[in-house]
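The values are calculated or read from the model by the stated rules, or taken from the named source; none is laboratory data. The structure displayed is predicted, hence computed values, not measured ones. All Cβ positions, glycine included, derive from the backbone under ideal geometry; neighbour counts span all protein chains shown. With ligands, DNA and RNA removed, areas are computed over all heavy atoms of the protein, side chains included. Shrake-Rupley method; radii C 1.70, N 1.55, O 1.52, S 1.80 Å.
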Amino acid sequence: MALKKRFGWLVSVPFLGVQIAAIIGVALLGFSWKGLGLAAALFFGRLFFVTAGYHRYFSHRTYKTSRWFQFLLALGAQTSVQKGVLWWSAHHRAHHKYSDTPQDPHSYRDYGFFYAHMGWIINRETENTDEKWIGDLVRYPELRWLNKYHVVPGVVLAVVLWLAGGWFAFVWGFLVSTTLLWHGTFTINSLSHVWGYRRYETTDESKNNPLLAILTLGEGWHNNHHYYQRSARQGFLWWQYDITYYILLLLSAVGLVRDLHTPSADVIAGNFVDPASRRRKSAALAAIDIANQEPARPTLEADAHAE
């Protein structure tokens, strides 16, 4: 069933307001390389928590960690002001089940570029957290608290920046950085289903994009990811740079995370796209009843992840 588009002002006004305030703030303060550096540091710093936390850990459970570090991942991710950890994970799991169909929360194919990019996050129809997708996560009261008060980490960051550096730090460190972080993250929902190339046959339009892989710390290898979701490494080949995975390797070396799941050589070598098979697959996609698939499940048992 197709989603309805009902943009709520309680979400839309702050979301658009931050972006407008970022433009006005930079215009009033003037361009600054120091400010741009601050924005970039907070962009990439928080983006790691989105990619390694929201996405590869909470949504796909591609590695294990302790309970306290799990909480730290959620806290850091929520400074991105992309709603709560349970909400994000539930929507992302639904995206993978229904990818590029009317039931996909952000289907470019069915709802267009604007909605796939950012309309879905301010739609009143997508405000609730559907717990049927996240039975492995709702058992943690600290995650439920964070999900309920999801704006708190972002607000605390904004206040700390203002207290530490006044309007300069607030505008560049929070407003500009958050605006760039939103659109950087959202390119994977929109551009990565439109622009790039397909290495593997999948039942959606996911694509690999080397440029987006740079801007999103490795998330741009999106066709790889849709082909094999269990992997903590999304750049499967040696030349497919994946900064998130490299950082996870460092965290694994010091014992903060463990059991990083990666694809076998057989998985990497399988199911290649070729023009003839792709045409046949595209013609057959309309007949696939994706709604009959089982709900997405975490790849590893919940009790084994956070101890």
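GNM on the chain, alpha-carbon springs under 10 angstrom: the most fluctuating residue among VAL81, VAL267, VAL152 is VAL267. Three principal axis extents of segment 31-83 based on alpha-carbon atoms, in descending order, are 41, 19, 19 Å. Counting lysine pairs in the chain whose alpha carbons fall under 19 angstrom apart, excluding pairs fewer than 8 residues apart on the same chain, gives 9. Across segment 167-184, computed HN-Hα scalar couplings (Karplus, 6.51 cos²θ - 1.76 cosθ + 1.60, θ = phi - 60°) run 5, 4, 5, 5, 5, 6, x, 10, 5, 5, 4, 5, 4, 5, 5, 4, 5, x Hz from first to last residue, x flagging Gly and Pro.
Amide H contacts of TRP221 (H built 1.01 Å from N, in plane; Pro and chain starts excluded): ASN209 sit under 5 Å, all sequence-distant by 5 or more or on other chains.
Calculated from the alpha-carbon coordinates, segment 71-205 shows an Rg and a Dmax of 16.5, 51 Å respectively. Converting phi to 3J(HN,Hα) with the Karplus coefficients 6.51, -1.76 and 1.60 and the offset θ = phi - 60°, segment 128-143 yields 7, 9, 8, 6, 5, 8, 10, x, 6, 9, 5, 6, 9, x, 5, 6 Hz in sequence order, with x at every glycine or proline. Once you divide the Cα radius of gyration of segment 100-164 by 2.2 N^0.38 Å, the number left is 1.48.
Whole-percent P(r), the chain, all Cα pairs, 20 Å bins from 0: 33, 59, 8, 0. For the pair ARG67 and LEU249 in one chain, pulling the backbone fully straight at 0.36 nm per residue adds 63.6 nm over the alpha carbon distance. Annotation: amide H-H contacts under 5 Å for VAL257 (H modelled 1.01 Å from N, sequence separation of 5 or more, or interchain): SER252.
Looking at the square roots a ≥ b ≥ c of the eigenvalues of the Cα gyration tensor of segment 11-156, which shape do they give, rounded for a/c under 1.5, prolate if a/b is larger than b/c, or oblate? Oblate is the answer for segment 11-156, as a/c is 1.5 or above yet b/c matches or exceeds a/b. Each Lys and Arg adds +1 at its Cβ and each Asp and Glu adds -1 at its Cβ; summed about the Cα centre, the chain shows a dipole of about 260 debye. Within the full protein context, the accessible area of PHE31 is estimated at about 130 Å² for a probe radius of 1.4 Å. Using protein chains only and a probe of 1.4 angstrom, how many square angstrom of LYS132 are accessible, to the nearest 10? Approximately 140 Å² of LYS132 is accessible to the 1.4 Å probe. The distance between label points at VAL13 and PHE272 comes to 5.6 nm (points 7 Å beyond Cα on the Cα→Cβ vector). Counted by Cβ distance under 9 Å from ASP242, the other residues give a net charge of 0, where Lys and Arg count +1 and Asp and Glu count -1. If you run the Gaussian network model on the chain, springs between alpha carbon atoms under 10 Å, then out of THR203, THR244, THR178 the most flexible one is THR203. With the Kirkwood sum run over all distinct C-alpha pairs, segment 217-268 has a hydrodynamic radius of 11.3 Å. Does anyone have the angle between helix 9-29 and the longest principal axis of the chain? Alpha-carbon axes, 0 to 90°, nearest 10? That works out to roughly 60 degrees. Working note: Karplus 6.51/-1.76/1.60 with θ = phi - 60° gives segment 80-94 the couplings 6, 6, 10, 6, x, 5, 6, 4, 4, 5, 4, 5, 6, 5, 5 Hz, where Gly and Pro are set to x.
The modelled label-to-label distance between TRP33 and ARG258, using points 7 Å beyond Cα along the C-beta direction, is 4.6 nm. This model, with +1 at the C-beta of Lys and Arg and -1 at the C-beta of Asp and Glu, gives segment 40-180 a dipole about its Cα centre of some 400 debye.
Is segment 38-115 rounded, prolate or oblate when judged by the Cα gyration tensor, a ≥ b ≥ c being the square roots of its eigenvalues, rounded requiring a/c under 1.5 and prolate requiring a/b larger than b/c? Oblate, because a/c is 1.5 or more while a/b does not exceed b/c.
Using C-alpha pairs below 8 Å separated by at least 6 residues, the relative contact order for segment 82-157 is 39 percent.
Given segment 127-219, report the % of alpha carbon pairs whose separation exceeds 15 Å. Summing the P(r) tail past 15 Å for segment 127-219 gives 73 percent.
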